[in-house]
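One structure is given below, represented as structure tokens, and several questions about it will come after.
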Amino acid sequence: MTMNTQGRPTAPESVSMSSIETVSGSRGLLQHEDLLFEIGTSETTGVDLPAPKGTKNRLGGVARKQPTGLPGLSEPQAVRHYMRLSQKNYAIDLGLFPLGSCTMKHNPRLNEKVARLPGFGDIHPLQPQATVQGALELIDELAMWLKTLTNMPAVAMSPKAGAHGEFCGMMAIRQALIARGEGETRKRVLVPESAHGTNPATAAQCGFIVDEIKANKRGRVDMDDLKAKLEKPDDIAGIMLTNPNTCGLFETDIKEIADLIHAAGGYFYCDGANFNAIVGRVRPGDLGVDAMHINLHKTFSTPHGGGGPGSGPTVLSEALAPYAPVPFVVKDADGMYRLVEDIEGDASESFGRMVAFHGQMGMFVRALTYILSHGADGLKQASEDAVLNANYIQARLKSVMTAPFEGYCMHEALFSDAFTAEGIETIDIAKALIDEGYHPMTMYFPLVVHGAMLIEPTESESKAELDRFCDALESIARRAAQGDEALKGAPYLAPMRRLDETKAARKPVLKWAEPELAPPVAAE
Amino acid sequence: MRYLPLTADDRAEMLKTIGAKSVDDFYADVPEAARLNGTVEGLPDHQGELAVERHMSNLAAKNRAASSGPFFVGAGAYKHHVPATVDMVIQRSEFLTTYTPYQPEIAQGTLQTLFEFQTQVAALTAMDVANASMYDGSTACAEAAVMATRATRRKKVVLSGGLHPHYAAATKLLCEAQGIEVVQLEHAIDGELALADAVDDATACVIGQSPNTFGTVTDLSPVAEAAHGKGALLVSVFTEAVSLGLVTPPGEMGADIAVGEGQSIGNGLNFGGPYVGLFACTQKLVRQMPGRLCGETVDAEGKRGFVLTLSTREQHIRRDKATSNICTNSGLCALAFTAHMTLLGGKGMEQLAVLNHEAACDLADALAGVPGVEILTPRFFNEFAFRTPVNAEAVLAMLDEAGIVGGVRASRLFPGDHLGDVILCAATECTTPEDIAAYAAALKEII
């Protein structure tokens, strides 16, 4: 077994280097950087703008009276500010980012280059449609790929993120029930307890009542519980199911689940967050799915930028297609592409408009670029490699960590904290991984497994990289099993030591404020 | 297959370690009937970088970029200049290719920029607190309406006739899904003050917009007073963030929640997205707020640092009781916003706003000089509506032939509302005197 291939010490007694203090707050190449408000001035600006003429005003008395007081930085100051801050971030371009259920894969730079072509980046959503035919064609082409890969007849492109795509799918279900005259009676949505937190939240946002289904010992939907929930089917609107699920497992009974829901008069929403495990191997349309969002950033590599933007196109079955939101693209007989925007006109059955414009065009460009680069063969291979990599991690670590479920996994490997000594928690293992140079895995999710650790390597990692990661995690797992107290203090080598989240929540400080001046010392 | 590092030997060796015969073993749980043999039919195989780039360039070439000629379209998205430094910052790998800052010890870059973003948005809107960005202005508006019903325990929302129709549509959709009554006032160019009369004891909030869809700027203070008098909230909306450099901010007009589109600062047009929703409110309402918040704290050694906070409002803890179902934010677009805002500073922001306003004044004067044209917007920032004696669609088509993208016909936004002869147009710092002269000259030819 190779150890310490990154040349970093792992033994707890060697970590005292973190106590070395510097006058500047910097540590070697890691520069200290204060807040913008502490280094800028309200008179400084980093842009050269022409001087206004100062002769015209049509504001009608609504002029701003108080200046914003916001500080500015010169261009070189601003460049350093952001470069120094960037160095305090971990990123997929730096190394493995094994956040299960989040899917951090390589972000090809070709995507970025193409998205910045003026013909994509510099076009307005409301300019005449004759001047944006290429953009509409691109949306249509991406839609074709998504429909074909899922074997679904329709797709709504406007959802802005995965959770927004869930909202789209559930609104389509709601509209279909209204059209059937059952909008008021069918209000119950079944959601497995292993679901993403967005699933119950989405159902509630759409006015549904959430009814939780248990997981069985194999980490899948408990079919007995499901059948019991369906005994009185008259109020069932549908089910929201994640597949592959949040335990990293394929729902074995998925076709039976779809049949049971349909027989009960409900619709089947599939959370497609984990579609990247099955692209090219399984088409959700063949499983009886009525609606499913696709997170373009997860499956098709659009960069996640520290929290977004996401994009969540939602595929729809024949039954739900008429209720798709506006706007959508159609191709007319003359070969021209056109946006259907008017719910009074062509889209009279549509449930409405979710968002101001046409969705995340910038993400569509990146996703299609990635899809064309991979092709049908490459997308399939990517799914298989993602699943192979996860199973390799599971196989390499299951002797030192606890795998809660039997058998193979899909694209993410799940472990529980059962192997740790008393007092050592999942968070300690995660923070120790930071000292090894890795972003930690997803912690405490899914909720159905105690002290869960969900590891998703994706297809982007080589075998050598997986081995290095497994070596590091294996070493930490052994220390956790032995009750190594030093783990409680990790990370030691990161830009910051462990942060106090309780303090942040107890008395929230959500913006910078001028420090109050100390009161003047009274004269004798 | 250039994105895939595993070799055939690696795959074989890994399967051996796992104890599986082939990858097919991993898909054994897939029902037989749903298993695919071979690749999905009807789709091409992988292509090289050159081929893909050529295909995408061909698609891009079929679109006319806003910078390629005189361009006057606004109505919720604006053509502004973005300094090169902004794009450099957001293309830094450590910002571009990182995830939600769930591990704050190695995400201080993202977290500090979000904290700075929140501070900037609060200052610009003159509100107490701002969140770390929403999807865009329209969804922020919808969330604000729902938040107001939660805060007031009332179930009615009143929308101004000056509210961007797409914002109104997104708001109606979310509200109606939750059984919230929505009252939409008649569209009116100068209609914000009508909100004051529409508020009653059942109203959770009134939603006004300034500058509104027709460009009109309005002092919403009387509306705030009327709303507060009835126990309702004022939600103040803007679609042009640059206006905040020059017009009275929502907080100074008594708004309880201020929402808007931040695309104008640091973000390109991108055919409608991704954009960045700005969302701010009073201190009293902070725990009702949807979306992410970044807060200050200390690490184990007492050093200042930042974390995501108040997550007990969010879907991953409160599930069906959460303040929203939102999971992500517009992190990278918020970074572009805050980087551009940092370059501008308060001084640059004000100057940029004045330049926008003056360009629009010059445009209005030039168009008013064309016989038959009537400027309809009484007070404006950088956008206004005008009436033409000829059908607006025909006018815009003829302007297009002259290489000028003259604006948006109001009937595209308000279908069936008899605005067939009204055009909405905007000017920004990108608008040159030559653009304005060309517009006026071409319009004179047409009508």
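The values are calculated or read from the model by the stated rules, or taken from the named source; none is laboratory data. Here the structure is a predicted model, which is why all the values come from computation and not from measurement. Heads up, the Cβs are rebuilt from the backbone with ideal geometry, glycines too, and the neighbour counts pull from every protein chain shown. Surface accessibility is based on the protein's heavy atoms, side chains included, excluding ligands, DNA and RNA. Shrake-Rupley method; radii C 1.70, N 1.55, O 1.52, S 1.80 Å.
For the stretch A:317-353, which positions are open to solvent by less than 10 Å² (accessible area, probe 1.4 Å), in contact with a helix residue (DSSP H, G or I) (Cβ under 6 Å, 6 or more places away or on another chain) and hydrophobic (A, V, I, L, M, F, W, C)?
Correct list: A:Leu320 only.
Any idea which residue in the stretch B:412-431 is farthest from B:Phe384 (Cα to Cα), counting only those that are of a type outside the set (A, V, I, L, M, F, W, C) and touching a residue at least 24 places away in the same chain (Cβ under 8 Å)?
Restricting to residues being of a type outside the set (A, V, I, L, M, F, W, C) and touching a residue at least 24 places away in the same chain (Cβ under 8 Å), the top hit is B:Asp417.
When only residues in the stretch B:287-308 that are over 30 Å from A:Gly359 (Cβ atoms) and among the hydrophobic types (A, V, I, L, M, F, W, C) count, which is farthest from the other protein chains (Cβ to nearest Cβ)? Steps first, please.
To start, the set of residues in the stretch B:287-308 that are over 30 Å from A:Gly359 (Cβ atoms) comprises B:287, B:295-307.
Filter again for among the hydrophobic types (A, V, I, L, M, F, W, C), leaving B:298, B:300, B:306-307.
Working: B:Val298: 6, B:Ala300: 4, B:Phe306: 8, B:Val307: 5 Å.
Step by step, filter the stretch B:287-308, then rank; the result is B:Phe306.
When you scan the stretch B:71-184 for helices (runs of 4 or more DSSP H) that lie fully inside it, which ones turn up with 2 or more residues that are within 22 Å of B:Gly345 (Cα to Cα) and open to solvent by 20 Å² or more (accessible area, probe 1.4 Å)?
The helices (runs of 4 or more DSSP H) meeting that bar are B:84-91.
From the residues in the stretch A:468-493 that are within 13 Å of another protein chain (Cβ to nearest Cβ) and in a loop (DSSP other than H, G, I, E, B), which one is most open to solvent (accessible area, probe 1.4 Å)?
Per the stated criteria, the residue is A:Leu493.
In the stretch B:254-286, what count of residues is obtained for those that are of a type in the set (Val, Ile, Thr) and more than 9 Å from every other protein chain (Cβ to nearest Cβ)?
Looking only at that region, the number is 4.
Go through the stretch B:341-446 and tell me which helices (runs of 4 or more DSSP H), entirely inside it, have 2 or more residues that are open to solvent by 10 Å² or more (accessible area, probe 1.4 Å), closer than 24 Å to A:Ile123 by Cβ and more than 12 Å from chain A (Cβ to nearest Cβ).
Helices (runs of 4 or more DSSP H) meeting the threshold: B:433-446.
What number goes with the only condition from (1) in contact (Cβ under 8 Å) with a residue 24 or more places away in the chain; (2) among the acidic types (Asp, Glu); (3) farther than 30 Å from A:Gly308 by Cβ that A:Glu166 does not pass?
Failed condition: (3).
Considering only the stretch A:442-458, state which residues are in a loop (DSSP other than H, G, I, E, B), farther than 19 Å from A:Ser301 by Cα and of a type outside the set (Val, Ile, Thr).
Here is the first cut: in the stretch A:442-458, the residues in a loop (DSSP other than H, G, I, E, B) are A:444-452, A:456-458.
Now narrow it down to the ones that are farther than 19 Å from A:Ser301 by Cα: A:444-452.
A:Tyr444, A:Phe445, A:Pro446, A:Leu447, A:His450, A:Gly451, A:Ala452 - these are the residues of the stretch A:442-458 that are in a loop (DSSP other than H, G, I, E, B), farther than 19 Å from A:Ser301 by Cα and of a type outside the set (Val, Ile, Thr).
Would you please name the residue that is farthest from A:Asn107 (Cα to Cα), looking only at residues in the stretch A:277-289 that are open to solvent by 10 Å² or more (accessible area, probe 1.4 Å) and either in a loop (DSSP other than H, G, I, E, B) or more than 10 Å from chain B (Cβ to nearest Cβ) (or both)?
A:Gly288
Take A:Glu461 and tell me if it is assigned to a loop (DSSP other than H, G, I, E, B) and open to solvent by less than 60 Å² (accessible area, probe 1.4 Å).
yes
Tell me which residues, restricted to the stretch A:383-395, are more than 7 Å from every other protein chain (Cβ to nearest Cβ) and not polar (S, T, N, Q). Steps first, please.
Taking the stretch A:383-395 and keeping what is more than 7 Å from every other protein chain (Cβ to nearest Cβ), we get A:383, A:386, A:389-390, A:393-394.
Hits for the stretch A:383-395 are A:Ala386, A:Ala390, A:Ile393.
Another question, then. So, of the residues in the stretch B:20-34 that are open to solvent by 20 Å² or more (accessible area, probe 1.4 Å) and either facing another protein chain (nearest Cβ under 7 Å) or part of a helix (DSSP H, G or I) (or both), which turns out to be farthest from A:Gln394 (Cα to Cα)?
Applying the first criterion (open to solvent by 20 Å² or more (accessible area, probe 1.4 Å)) to the stretch B:20-34 yields B:21-25, B:28-29, B:31-33.
Still in the running and either facing another protein chain (nearest Cβ under 7 Å) or part of a helix (DSSP H, G or I) (or both): B:23-25, B:29, B:31-33.
On the way: B:Val23: 15, B:Asp24: 17, B:Asp25: 15, B:Asp29: 17, B:Pro31: 23, B:Glu32: 25, B:Ala33: 28 Å.
Among those residues, the one meeting the criterion is B:Ala33.
Could you grab me the full set of residues in the stretch A:408-438 that are assigned to a loop (DSSP other than H, G, I, E, B) and open to solvent by 10 Å² or more (accessible area, probe 1.4 Å)? Before you say what the answer is, go through the steps one by one.
Looking only at the stretch A:408-438, we keep the residues that are assigned to a loop (DSSP other than H, G, I, E, B), and these are A:408-412, A:417-425, A:436-438.
Across the stretch A:408-438, the qualifying residues are A:Tyr408, A:Asp417, A:Ala418, A:Phe419, A:Thr420, A:Ala421, A:Glu422, A:Gly423, A:Glu425, A:Glu436, A:Gly437.
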